[in-house]
1. Identify all residues within region 38-60 that are open to solvent by less than 70 Å² (accessible area, probe 1.4 Å) and at pLDDT 80 or above; write none if there are none.
2. Taking strands (runs of 3 or more DSSP E) that do not extend beyond region 85-171, which have at least 3 residues that are farther than 18 Å from L69 by Cβ?
3. Going through region 76-109 one residue at a time, which ones are among the hydroxyl-bearing types (S, T, Y) and free of Cβ contacts under 8 Å to residues at least 12 places away in the same chain?
4. Name the residues in region 106-132 that are open to solvent by 70 Å² or more (accessible area, probe 1.4 Å), of a type outside the set (S, T, N, Q) and closer than 17 Å to N145 by Cα, would you?
5. Condition first: modelled with pLDDT of 80 or more, touching a strand residue (DSSP E or B) at 6+ places or on another chain (Cβ under 6 Å) and closer than 26 Å to P96 by Cβ. Now tell me which residues in region 128-141 satisfy that.
6. So which residues in region 71-84 are under 13 Å from R159 (Cα atoms) and assigned to a strand (DSSP E or B)?
7. Just for region 93-105: of the residues that are open to solvent by 70 Å² or more (accessible area, probe 1.4 Å) and under 18 Å from L123 (Cα atoms), which one is farthest from the chain's Cα centre (by Cα)?
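The values are calculated or read from the model by the stated rules, or taken from the named source; none is laboratory data. If you're wondering where the values come from, they're calculated on a predicted model, not measured in any experiment. Note that each Cβ is placed from the backbone with ideal geometry, even for glycine, and that neighbours are counted across all protein chains shown. With ligands, DNA and RNA removed, areas are computed over all heavy atoms of the protein, side chains included. Shrake-Rupley method; radii C 1.70, N 1.55, O 1.52, S 1.80 Å.
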Amino acid sequence: MNENAPVVPWYRQPWLWFLLIFPGAAIIWCSIAITVAINTDNSMVTDDYSKEGRGINMAIARDQKAEDLGLTADMTFGEREITLSMDTADGPANFPYLILSLYHPTMSEYDRTIQFRAIGEGLYSATLNQPIEGRWYFDLRGPDNQWRLKGESSLPSQRSLSLGAVTEDRG
């Protein structure tokens, strides 16, 4: 060793910075993660599991009611117009109005609710504010919310969409 070699100040030592980069990166990463966790909504997490369970049981009962009534529906999508033809086991459906909920698979802010008005025996019509594109889940309900028909499709679609009662065997 040469005793006349100048001593470099501590802040110019490369090993110091090499050793400090990992704790510094961890602090920055944790700060970002905590900020994101605080500022975003956890819509997938629920606190009331019993309420969710009752909701699932009600959904199954509504599906069974639709099957018991023999409900079927055909929807045709235009640019901004939806027409629906609905039948029961006894003939054309006769409801004053129907409610269609459209659920986007990944972004809940795009979900929509559309109300159909009766235009004839078993025929219904609705007008959209803007065209719908992409993949959607459908939930068609009656005015009393006693039954529902489910389906899914990619829109816009050139063919009509058929909805029927679907019940799952839970035995």
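1. Those that are open to solvent by less than 70 Å² (accessible area, probe 1.4 Å) and at pLDDT 80 or above: none in region 38-60.
2. Correct list: 97-103, 112-120, 123-127, 134-141, 148-155.
3. So the first thing to find is which residues in region 76-109 are among the hydroxyl-bearing types (S, T, Y), and the list is 76, 83, 85, 88, 97, 101, 103, 106, 108.
Result: T106, single match.
4. Matches in region 106-132: R117 only.
5. W136, Y137, F138, D139, L140, R141
6. Within region 71-84, D74, M75, T76, F77, I82, T83, L84 qualify.
7. Within region 93-105, the subset open to solvent by 70 Å² or more (accessible area, probe 1.4 Å) is 94, 96-97, 103.
Keeping just the survivors that are under 18 Å from L123 (Cα atoms) gives 94, 96-97.
Numbers: N94: 29, P96: 27, Y97: 24 Å.
Within region 93-105, the match that is farthest from the chain's Cα centre (by Cα) is N94.
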